[in-house]
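> I am attaching a structure below and will ask some questions about it afterwards.
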Amino acid sequence: MKIRQKLTIQFVLLVSAISLAAFVGIYYIYQSYVSNRFFTRLRSKAITTAELLSENSEIDAALLRKINESNRDLLYKENIIVFDTLNHIVYRSEDLLEFTITKEMLIRNGRDKKFKISDFGVIVINYSSSKKKFLIIAAAIDLYGNDTVSNLLQVMLILYFILVFAVGITGWFFAGRALQPISDVISQVNDIYPQDFDKRLKVHNEEDEIGVLTITFNQLLNRTEEAFKQQRFFISNVSHELKNPLSKIISQIEVVLLKDRDKEDYIKTLGSVLEDMQNLSKLSQTLLELSRLTEENHSFLFSSIRLDELLWETKDILKMNNVGYNVTVSFENITDAEEEFKVLGNPYLLKIALYNLLENGCKFSTNQTTNVLFRLEQDNIVIKFSNLSKGINEDETNLIFQPFYRANNTATIKGYGIGLSLVEKITKLHGGKVTLVSNKAENTTFSLILPIIKNN
């Protein structure tokens, strides 16, 4: 069932229930008013009769009956019976009685009693004056009141069904108007295709829920567009990075196979092919690591790690792989407390981040040296990696953490442009951040910030 149908049905049921309760209340209030008015009128007639019998000795039953018959204010099938203290009938306005007088009616307790016998309304009155005491039973049919109540019920039933029908029509109309913005959103969404992700939904009212929904959807489109751009950028760069070494390997093998060559030529060619294959292997491994970090569901184990020890280990590995690289490490604002060096993290991933920052510092420096400053700032460990370099253009500072992006002044230096992207993702995974702190012409500084483990 569609939302418009649900809203219309709910609206009709709600209004119908409220209207029914109001009509029922009006009906019973009016019925009670008519009944009270009838009994008040009947009681007044009964009291008048008793007063005439009590106060005027000259008026007997026959005369009183004639007076009553001449009265134009008679109720339908009105019958007034007056009993004395011995329950003998003193007066009866009608000889024909269409209901039975019970013992309960003849009980004298000083209070008026009302009965409903068939269509008759019966009231029992204990009348007392200075001269006489009577028990009066007055009965009649409220023909006018019953007809009025019946007519009211019929009118209300007709009005109720007309109201339900009208509410259904108006509910369907207003539900359609209320849901029209959602229909517009659906129509606009259907017009958006992957090739034109630059389109955005129109926001008619930022304050209502549909406006908020539209804004949220636009934000989702922004993220989706960015993801598609990164995917295209990623595929384009991966293809480029794989194409170069593969083309080089193929061309070298084709050249060697053109004719017979010396052993030294084969060894030289195989060495070059091996180097290209090692680069491909390194690129593949880096891409796998980047892919794992991009996934939302991480399965990395975290433990307490001494970051200074991890830094020394990473420095030794870098020196082992690159003999010409130099790394200097200094400490600042650090005490001998062991807890100041501990972070919660994954040693394998943190080693990758430290290695990339150290390697980039040496690779892109003019003297192949990285200066590392290890310091404590409040509840964080801050490691700064500085080197002497040409610097990075200001318009490129926001792009250097994107996968495969390489600054213009690094085109002659071997690399894939994945290292800083890995570092950023690893740092975020550990609750920290990496930033480009200084970007002067002769000095570039990256800052790695990680939270230390707090003692409970």
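> Scan the range 330-345 for residues that are at pLDDT 75 or above and either within 47 Å of the chain's Cα centre (by Cα) or not polar (S, T, N, Q) (or both) and jot them down.
Answer for the range 330-345, where residues must be at pLDDT 75 or above and either within 47 Å of the chain's Cα centre (by Cα) or not polar (S, T, N, Q) (or both): Phe331, Glu332, Ile334, Phe341, Lys342, Val343, Leu344, Gly345.
> Take the residues of the range 55-68 that are surrounded by 12 or more Cβ atoms within 10 Å (Cβ to Cβ) and among the charged types (D, E, K, R): which is modelled with the lowest pLDDT?
Ranking the candidates gives Asp60 first.
> Sticking with this one: Does Leu293 count as at pLDDT below 75, in a helix (DSSP H, G or I), within 41 Å of the chain's Cα centre (by Cα) and exposed (fewer than 11 other Cβ atoms within 10 Å of the Cβ)? Quick ask: steps written out before the conclusion?
Values: at pLDDT below 75: yes; in a helix (DSSP H, G or I): yes; within 41 Å of the chain's Cα centre (by Cα): yes; exposed (fewer than 11 other Cβ atoms within 10 Å of the Cβ): no.
For Leu293, the condition - at pLDDT below 75, in a helix (DSSP H, G or I), within 41 Å of the chain's Cα centre (by Cα) and exposed (fewer than 11 other Cβ atoms within 10 Å of the Cβ) - is not met.
> Does any residue in the range 369-390 that is outside the structural domain of Asp308 (by TED's automatic domain parsing) come within less than 6 Å, Cβ to Cβ, of a residue that is buried (at least 18 other Cβ atoms within 10 Å of the Cβ) six or more places away or on a different chain, and which pairs are these?
As it stands, the answer is none, since no pair meets every condition given.
> Continuing with the same structure: Restricting to the range 331-347, count the residues that are surrounded by fewer than 12 Cβ atoms within 10 Å (Cβ to Cβ) and part of a helix (DSSP H, G or I). Steps first, please.
So the first thing to find is which residues in the range 331-347 are surrounded by fewer than 12 Cβ atoms within 10 Å (Cβ to Cβ), and the list is 332-333, 335-338.
Then drop every residue that is not part of a helix (DSSP H, G or I), which leaves 338.
Final tally of qualifying residues: 1.
> Related question: Restricting to the range 112-127, what's the tally of residues that are closer than 14 Å to Thr102 by Cα and charged (D, E, K, R)?
3
> Please enumerate the residues belonging to the range 13-54 that are among the aliphatic types (A, V, I, L, M) and modelled with pLDDT of 90 or more.
First, pick out the residues of the range 13-54 that are among the aliphatic types (A, V, I, L, M): 13-15, 17-18, 20-22, 24, 26, 29, 34, 42, 46-47, 50, 52-53.
If the condition is that a residue be among the aliphatic types (A, V, I, L, M) and modelled with pLDDT of 90 or more, then Leu13, Leu14, Val15, Ala17, Ile18, Leu20, Ala21, Ala22, Val24, Ile26, Ile29, Val34 are the ones that fit.
> Just wondering, is there one or more residues in the range 192-210 that are more than 30 Å from Glu51 (Cβ to Cβ), of a type in the set (A, V, I, L, M), in a helix (DSSP H, G or I) and under 21 Å from the mean Cα position of the chain (by Cα)?
The first filter runs over the range 192-210 and keeps only residues more than 30 Å from Glu51 (Cβ to Cβ), leaving 192-210.
Then drop every residue that is not of a type in the set (A, V, I, L, M), which leaves 192, 201, 203, 210.
Filter once more, keeping what is in a helix (DSSP H, G or I): 210.
Applying the additional criterion that residues be under 21 Å from the mean Cα position of the chain (by Cα) yields 210.
Yes, the conditions are met somewhere in the range 192-210.
> Does the range 141-163 contain any residue that is part of a loop (DSSP other than H, G, I, E, B), surrounded by fewer than 14 Cβ atoms within 10 Å (Cβ to Cβ) and free of Cβ contacts under 8 Å to residues at least 24 places away in the same chain?
We begin by selecting, within the range 141-163, every residue part of a loop (DSSP other than H, G, I, E, B); these are 142.
If we keep only those that are surrounded by fewer than 14 Cβ atoms within 10 Å (Cβ to Cβ) as well, we get none.
Checked against the condition, which is being part of a loop (DSSP other than H, G, I, E, B), surrounded by fewer than 14 Cβ atoms within 10 Å (Cβ to Cβ) and free of Cβ contacts under 8 Å to residues at least 24 places away in the same chain, the range 141-163 yields no hits at all.
> Given the residues Glu207, Glu241, which is the only one that is in contact with a Phe, Trp or Tyr (Cβ under 9 Å, 6 or more places away or on another chain), modelled with pLDDT under 75 and not aliphatic (A, V, I, L, M)?
Working: Glu207 fails: in contact with a Phe, Trp or Tyr (Cβ under 9 Å, 6 or more places away or on another chain).
Unique residue meeting the criteria: Glu241.
> Out of Val122, Val164, report the one residue that is touching a helix residue (DSSP H, G or I) at 6+ places or on another chain (Cβ under 8 Å), not assigned by TED's automatic domain parsing to the domain that holds Phe39 and not hydroxyl-bearing (Ser, Thr, Tyr).
Details: Val122 fails: not assigned by TED's automatic domain parsing to the domain that holds Phe39.
Of the residues listed, the single one that is touching a helix residue (DSSP H, G or I) at 6+ places or on another chain (Cβ under 8 Å), not assigned by TED's automatic domain parsing to the domain that holds Phe39 and not hydroxyl-bearing (Ser, Thr, Tyr) is Val164.
> Just checking, does the range 435-447 include any residue being out of contact with any Phe, Trp or Tyr (no Cβ under 7 Å at 6 or more places or on another chain), modelled with pLDDT of 85 or more and not hydroxyl-bearing (Ser, Thr, Tyr)?
No, there is no match, as no residue in the range 435-447 is out of contact with any Phe, Trp or Tyr (no Cβ under 7 Å at 6 or more places or on another chain), modelled with pLDDT of 85 or more and not hydroxyl-bearing (Ser, Thr, Tyr).
> Considering the range 101-135 alone, what residues qualify as being part of a helix (DSSP H, G or I) and without any contact (Cβ under 8 Å) to a residue 24 or more places away in the chain?
Within the range 101-135, the first condition is being part of a helix (DSSP H, G or I), and the residues that meet it are 103-106.
Passing the criteria: Lys103, Glu104.
> In the range 312-353, how many residues are touching a strand residue (DSSP E or B) at 6+ places or on another chain (Cβ under 6 Å) and either among the small types (Gly, Ala, Ser) or more than 25 Å from Lys425 (Cβ to Cβ) (or both)?
9
The values are calculated or read from the model by the stated rules, or taken from the named source; none is laboratory data. What you see is a predicted model, and the numbers here were worked out from it, not measured in a lab. Using ideal geometry, Cβ is built from the backbone for each residue, glycine included, and neighbour counts are taken over all protein chains shown.
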